[in-house]
Amino acid sequence: MKEPLPYVEGVGPSRQRLPPGDWPSVYDFLVARFPSVGAAVWLERMARGLVVDETGARLGPESPYRAGAHVYYYREPAAERSIPFEERVIYADEHLLAVDKPHFLPVAPAGRYLRETLLVRLRRRGMPDSLTPIHRIDRETAGVVLFSTNPATRGLYTSLFRERRIEKIYEALTHPNARINFPLTRRTRLVAGEPFFIMKEVEGEPNTETHFELLNESDGAVHLRARPATGRKHQIRLHLSALGMPVVNDRFYPTVSPEEEDDFSKPLKLLAKSVTFTDPLTGQERHFESDRKL
């Protein structure tokens, strides 16, 4: 579906579905829903024609509220800090794009990250506006990320992850623990933790599984290969922390560090090393691997 606002320098519009409610106008809802933006900013955006409905019609301060309608607008976050690391395109065709992402760079816009994201960078390099990530890895993690370049075949590739028909291999540098022997497989149940952006292990039916193998140990660090059978948020990081072997430079596990600016000299030592799968269109085996080292 064509967006009612165009992409600008690789950045597409945000979309908000209007929920049931008694707000007199779209403007009143937006001010209530996004208090950090402020009423004056919404008025200024509307005056510039940068808030529209699903038909592309401009919305103003008096536009009546219609539950179920969609509102499109551009996010304008505060100035973003430049991330001084470059992505590398590994492979591209009319259906699929494989990219080697650097540490610190988010895959897609979220929160305070908009232009300094992998998706927007790629669009600005000439990739189509329809470019969409098939899966994601943490902002702090480097390595292979796959994108769909064709909406008509996107579902075939996303199903690889949903149906676990793709092999993902990670590498990690961790703190040593003499009581742990490899190889080993950890199966636990992960749920949302507190604060909201972390996960925690709880009792119950496992919903995660990671197999770990020792690659080498030297200079007080353990180099591991991880093969996750599932794809829960922060799965590898939390599994290793629970083993008493947190990933080097992990600011979330086992303890959340105070929020501060990224220290680019201390990346999280976790790498999405490779993905391997049978291409659902051609039947050929695909293998994409990161050149990065930990």
TODO: Would you work out the relative contact order for the chain, in percent, from Cα pairs under 8 angstrom that are 6 or more residues apart?
DONE: 15
Open item on the list: Can you tell me what share of the DSSP beta bridges in the chain is antiparallel? A percent to the nearest 5 is fine.
Closed with: 95
TODO: Using label points projected 7 Å from each Cα along Cα→Cβ, tell me how many nm separate LEU156 and LEU214, to one decimal.
DONE: 4.4
Open item on the list: Just to confirm my numbers, what's the Cα centroid distance between region 229-249 and region 1-55 in Å?
Closed with: 38
Task: Value of relative contact order over region 196-277, rounded to a whole percent, pairs C-alpha under 8 Å and six or more apart - done: 21
Task: Pairwise Lys count, the chain - Cα closer than 23 Å, eight or more residues apart or different chains - done: 20
Task: Average accessible surface area per residue within the chain, 1.4 Å rolling probe, Å² - done: 52
Open item on the list: Classify the chain from the C-alpha gyration tensor, please: rounded if a/c falls under 1.5, else prolate or oblate depending on whether a/b exceeds b/c.
Closed with: prolate
Task: Ranked by how many other beta carbons lie within 10 Å on average, peptides 232-238, 211-217, 257-263, 175-181 from highest - done: 232-238, 211-217, 175-181, 257-263
Open item on the list: If each DSSP helix of 4+ residues adds -39,500 (n - 2.57) and the sum is divided by the residues in the chain, what number results at 222 nm, nearest 500 deg cm²/dmol?
Closed with: -4000 deg cm²/dmol
- [ ] Please get the size of the charge dipole for the chain, origin at its Cα centre, with Cβ charges of +1 on Lys and Arg and -1 on Asp and Glu, quoted in debye to the nearest 20.
- [x] 320
TODO: Pull out a ≥ b ≥ c, the square roots of the eigenvalues of the alpha-carbon gyration tensor of region 32-96, then state rounded if a/c is under 1.5, prolate if not and a/b is larger than b/c, and oblate in the remaining case.
DONE: oblate
Open item on the list: So if I place +1 on the C-beta of Lys and Arg and -1 on the C-beta of Asp and Glu, and nothing else carries charge, what would the dipole magnitude of region 137-294 be about its Cα centre? I want it in debye, nearest 20.
Closed with: 460
Task: Protein accessible area in the chain, 1.4 Å probe - carbon and sulfur % - done: 50
Task: Prolate/oblate/rounded label for region 66-151 (Cα gyration tensor, a/c 1.5) - done: oblate
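The values are calculated or read from the model by the stated rules, or taken from the named source; none is laboratory data. All values derive from a computational prediction rather than experimental measurement. For neighbour counting, all protein chains shown are included, and Cβ atoms are generated from backbone atoms with ideal geometry for every residue, glycine included. Note: areas computed on protein heavy atoms with side chains; ligands, DNA, RNA excluded. Shrake-Rupley method; radii C 1.70, N 1.55, O 1.52, S 1.80 Å.
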